[in-house]
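Below you'll find the structure, written out as structure tokens, and then a few comments.
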Amino acid sequence: MRVVLRLPGGETLVRAVVDGRWADPSGSADSTVGEGLWAIPGLVDGHAHFAAVEGADWVTDDVSGAIRRAGEALAAGVMLALDKGWADLTALEMMNVMPLEERPDIEAAGVILGVEGGYWPNFGREVGPGEMDRMVAEAVAESKGWVKLVGDWPRRGVGPVPNFTETELGEAVSVANSLGARVAIHTMAREVPSMAVRAGVHSIEHGLFLTDDDVIELGARGGMWVPTVLRMEAVIRQLGADSTGGRLLREGVDNVARLLDTAVEAGVFVLAGTDLAVGTRAVAAEAIRLLELGMSPPLVVGAVSTAGYRATGRPGAFEVGAPADAVFYTEDPITDPHVLAHPSHVIRLGRLLR
């Protein structure tokens, strides 16, 4: 099979497929795919939860449900997902039994780490005083590349407060780094994003109150930020727009809109992430929401595609020798990012899925 890859913006590449990987074309081809279309290497969900039951917050599905969601994500063009942890190891179990050609590439945290009273009741593990190093090491051992911390959580009558000190966050990062893993942190409070950035946390989840100085520091080391705007807006609706929490989160979403392009310019890998708002198969909806908040179209396409590959150290788009993955569209996604929700063809490891 010969594949014509017309990249957003105009460049065109021609590749062959050999053993599921891109190769230089030679000789004649039995078929050609991609002519007249635009191609990206795949959609990326930077904050997925394959174990979650759709429409029921904090409810865990069985492995068969996770398998179904992973297959649906691939059919929608998602080639890479970062699963940011759950109450159990359902997503990891799915990865172990599902063939790679039938699902996206997935990097995953295991069980989420919080503190007593610092997250949804009976969800995840609680880190006690002096336990951070040991519990992070155990979390790395059960994961596929990530540890997830709950950095803050609202207390009745107080609002969101930190679960960990900056020193503890630094300990978590140090242990994860030594074991070849990354740390992601849930944060919706004012002060915790800055603490996490200073501590070296690799990915800021939500991060509503990142500052200009934070994005400069995070960008200087190629850190990630996954705003999950659709999820934040869903929480605002749950709390009530005029509630204290709703007003706080709306202020945070406005801050996100202000920083989106600035963060990318500073070197931050801003990624689209679905969280619990929509399934991973609908990550394009989060990308379109970033567009509506003012993110420029080229950066929107990057946020839901190439930025995720670069952030995780994967090969550049369509490099010879890289996995033969591609998603095709009838229009240039940079001209109209809405087309990201409607792929015309999907190739996974050299196999045409649609």
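Every read-out reported here was derived from the displayed coordinates using simple, explicitly stated rules and does not represent laboratory data. What you are looking at is a predicted structure, and each value in this text was computed from that prediction instead of being measured. Every residue, glycine among them, receives a Cβ derived from its backbone with ideal geometry; neighbour counts consider all protein chains shown.
Could you work out how far helix 166-178 tilts from the main Cα principal axis of the chain, as a 0 to 90 degree angle to the nearest 10? So the helix axis and the longest Cα principal axis differ by about 40 degrees.
Eigenvalues of the alpha-carbon gyration tensor of the stretch 42-144, scaled by 5 and square-rooted, set the equivalent ellipsoid semi-axes at 26, 15, 11 angstrom, largest first.
Note on the stretch 3-24 and the stretch 119-144: Cα centroid distance 43 Å, given to the nearest whole angstrom.
The peptide list 341-352, 310-321, put in order of mean Cβ contacts within 10 Å with the highest first, becomes 341-352, 310-321. Here the average projected area of the convex hull drawn through the C-alpha atoms of the stretch 176-245 stands at 5.2 nm².
Listing 182, 250 from the residue with the fewest other Cβ atoms within 10 Å to the one with the most, what is the order?
On the way: 182 23, 250 17.
Fewest-to-most Cβ neighbours within 10 Å comes out as 250, 182.
Here is how the number arises for the chain: DSSP H runs of 4 or more residues each give -39500 (n - 2.57), the sum is divided by the residue count, and the result at 222 nm is -10000 deg cm²/dmol. Taking Lys and Arg as +1 and Asp and Glu as -1, the other residues whose beta-carbon sits under 14 Å from that of residue 141 total 0. Over all other residues within a Cβ to Cβ distance under 12 Å of residue 251, the charged ones net out to +3, with Lys and Arg as +1 and Asp and Glu as -1.
Computed over the stretch 244-354, the percent of Cα pairs more than 22 Å apart is 39.
Relative protection proxy for 72-83, 17-28, from highest mean packing down: 72-83, 17-28 (other beta-carbon atoms within 10 angstrom).
What is the P(r) of the stretch 84-187, as percent of Cα-Cα pairs per 10 Å bin from 0? In order of increasing distance, the bins hold 15, 46, 28, 9, 1 percent. Look at the dipole of the chain built from charges on Cβ: of 278, 318, 118, the Cα furthest out on the positive end belongs to 318.
Note that the stretch 206-219 has calculated 3J(HN,Hα) couplings of 6, x, 4, 10, 4, 9, 4, 5, 4, 5, 5, 5, 5, x Hz, one per residue in order, obtained from phi through the Karplus relation 6.51 cos²θ - 1.76 cosθ + 1.60 (θ = phi - 60°); glycine and proline are x.
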